[in-house]
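The values are calculated or read from the model by the stated rules, or taken from the named source; none is laboratory data. Treat the numbers as computed from the prediction; the structure is a model and nothing was measured. Glycine gets a Cβ as well: all are built from the backbone with ideal geometry, and neighbour counts include every protein chain shown.
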Amino acid sequence: MNILEKIVEHKRKEVEQRKKEVDVKTLEKEHFFTRQTYSLKNFIGDPTKTGIIAEYKRKSPSKGIINDRDSVESVTRMYAAYGASGISVLTDYNFFGGSLDDLIAARDNNVPLLRKEFMIDEYQIVEAKAFGADVILLIAACLSPKEVKDLATAARKLGLEVLLELHDESELDHICNEVDLVGVNNRNLKNFEVDLEHSVRMAEKIGNSFIKIAESGINDVNNIRYLKQHGFTGFLIGEYFMKQNDPGKAFKEFTYSL
């Protein structure tokens, strides 16, 4: 069993437990459930923004602890202040050290929030809306094409946008009209190897019907310039900023270089 399969197996048990603890009707009464959401598509297309979806991530299965010092509030405040088009927040606790409370902590920033999670159940989408997310992530490697379509439809009904993450050509059939953005993960979720050229190879096959987001392995402004030449307008970056001594300052300097 690879790490992705382990995560999904654990996630199924976790979601079933949370359903018993907090039902959907309770989630629908949460303060953020009725808020008007921001559009990541619009923010990515805003020329005054950077196109970067900056991520808050404490740890990962492949790297261990990345940053357990800097608070969600302090880091995401800097991300928003210096032109992030969106903020990604890891909410998985067991493998990434995150929580839904991190979404709330990042909500004060007036930019779209992506709930970065292994989404396998419509219940998690209701949670995302209740805790202040604007966008959800669907990972093709975890889902069938039908599951992607069904979950994306449920998200749309709640006013949430959908970022569909692909890794290889075998997942192209997961793309459907119900998703808003298509991401290419340069990090193989099964062995965590990174290949930036992977985005370039996939871009042509995805076509121009969707906003394309390059994910993982971006650590230089020249990476972004290169990927823009191949049709990418959004760039999800987390580890690079979070592993610096001061993630907010690192993001500021990175965007100034752009």
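Yes or no, residue by residue, for (1) touching a residue at least 24 places away in the same chain (Cβ under 8 Å); (2) surrounded by fewer than 23 Cβ atoms within 10 Å (Cβ to Cβ); (3) in contact with a helix residue (DSSP H, G or I) (Cβ under 6 Å, 6 or more places away or on another chain); (4) charged (D, E, K, R):
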site	(1), (2), (3), (4)
CYS176	yes, yes, yes, no
ASP195	no, yes, no, yes
HIS230	yes, yes, yes, no
GLN244	no, yes, yes, no
Looking at the range 23-37, which of the residues that are surrounded by 12 or more Cβ atoms within 10 Å (Cβ to Cβ) and touching a residue at least 60 places away in the same chain (Cβ under 8 Å) is farthest from ASN109 (Cα to Cα)? VAL24
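Those residues that are more than 21 Å from the chain's Cα centre (by Cα) and in a helix (DSSP H, G or I), I need them from the range 27-37; list them, please. Give the derivation first.
Going residue by residue through the range 27-37, those that are more than 21 Å from the chain's Cα centre (by Cα) are 27-31, 34.
Result: LEU27, HIS31, THR34.
Could you say whether any residue in the range 156-170 is touching a Lys or Arg at 6+ places or on another chain (Cβ under 8 Å), over 23 Å from VAL24 (Cα atoms), assigned to a helix (DSSP H, G or I) and not acidic (Asp, Glu)? Show your work before the answer.
Taking the range 156-170 as the starting set, the residues that turn out to be touching a Lys or Arg at 6+ places or on another chain (Cβ under 8 Å) are 158-162, 169.
So of that shortlist, the ones also over 23 Å from VAL24 (Cα atoms) come out as 169.
Retained after the next criterion (residues that are assigned to a helix (DSSP H, G or I)): 169.
Next cut, not acidic (Asp, Glu) only: none.
No, because not a single residue in the range 156-170 is touching a Lys or Arg at 6+ places or on another chain (Cβ under 8 Å), over 23 Å from VAL24 (Cα atoms), assigned to a helix (DSSP H, G or I) and not acidic (Asp, Glu).
Results for (1) in contact with a Lys or Arg (Cβ under 8 Å, 6 or more places away or on another chain); (2) basic (Lys, Arg); (3) in a loop (DSSP other than H, G, I, E, B); (4) modelled with pLDDT of 95 or more, shown as yes or no for each residue.
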| site | (1), (2), (3), (4) |
| --- | --- |
| GLY217 | yes, no, yes, no |
| LEU227 | no, no, no, no |
| HIS230 | no, no, yes, no |
| PHE235 | no, no, no, yes |
| PHE251 | no, no, no, yes |
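Just to confirm my filter: which helices (runs of 4 or more DSSP H) fall fully inside the range 38-141 and include at least 1 residues that are surrounded by 19 or more Cβ atoms within 10 Å (Cβ to Cβ), touching a Phe, Trp or Tyr at 6+ places or on another chain (Cβ under 8 Å) and among the aliphatic types (A, V, I, L, M)? Before you say what the answer is, go through the steps one by one.
Working: elements: 40-45, 72-81, 100-106, 122-130.
Per the criteria, 72-81, 100-106, 122-130.
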The listed residue being over 18 Å from the mean Cα position of the chain (by Cα) and in contact (Cβ under 8 Å) with a residue 24 or more places away in the chain, out of VAL200, VAL182: VAL200
Among the residues that make up the range 202-212, is at least one of them surrounded by 17 or more Cβ atoms within 10 Å (Cβ to Cβ), modelled with pLDDT of 90 or more and within 30 Å of GLY64 (Cβ to Cβ)? yes
Name the residue, out of ALA154, ALA81, that is touching a helix residue (DSSP H, G or I) at 6+ places or on another chain (Cβ under 6 Å) and not charged (D, E, K, R). ALA154
